[in-house]
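Would you mind keeping the following structure in view while I ask a few things?
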């Protein structure tokens, strides 16, 4: 299943905001946008995996061992499990259980309904 163009644009917009914050050295701010990209892309294997790999890099830059370990596991799972089931709204960080459904932010709902 491929992303429709509006969803793809929203997903890429979140990644672009993460890029801008990373360039400014704001790794925590960038991670918030990666979480939003995760919510938007989690039903699409390549986008889902790409987001987890970006989260892995972010964890490396923040020297966050928990995030590093969590993202290695989640990156592999994203490649293999996305086609079966993903929990709606899950932000994808190592600070939340990978199977926990979470509320979708109101401003992201239009692309996911």
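The values are calculated or read from the model by the stated rules, or taken from the named source; none is laboratory data. These figures come from a predicted structure and were not determined experimentally. Virtual Cβ from ideal backbone geometry, glycine too; neighbours counted across all protein chains shown.
Could we say that residue 46 is within 21 Å of residue 2 (Cα to Cα), without any contact (Cβ under 8 Å) to a residue 12 or more places away in the chain, in a helix (DSSP H, G or I) and under 13 Å from the mean Cα position of the chain (by Cα) here?
In short, yes.
Scan the range 67-93 and report the pairs whose first residue is over 26 Å from residue 106 (Cα atoms) and whose second residue is at pLDDT below 90, with Cβ atoms within less than 7 Å and a gap of 6+ or a chain change.
Listed pairs, sorted by first residue: 77/98.
I would also like to ask the following. Out of 10, 16, 28, I need the residue that is part of a helix (DSSP H, G or I) and touching a residue at least 60 places away in the same chain (Cβ under 8 Å). Which one?
When all the criteria are applied, what remains is 10.
Each row is one residue, and each column tells you yes or no for (1) part of a helix (DSSP H, G or I); (2) buried (at least 20 other Cβ atoms within 10 Å of the Cβ); (3) modelled with pLDDT of 95 or more.
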| residue | (1), (2), (3) |
| --- | --- |
| 32 | yes, no, yes |
| 40 | yes, yes, yes |
| 50 | yes, no, yes |
| 55 | yes, yes, yes |
| 59 | yes, yes, yes |
| 87 | no, no, no |
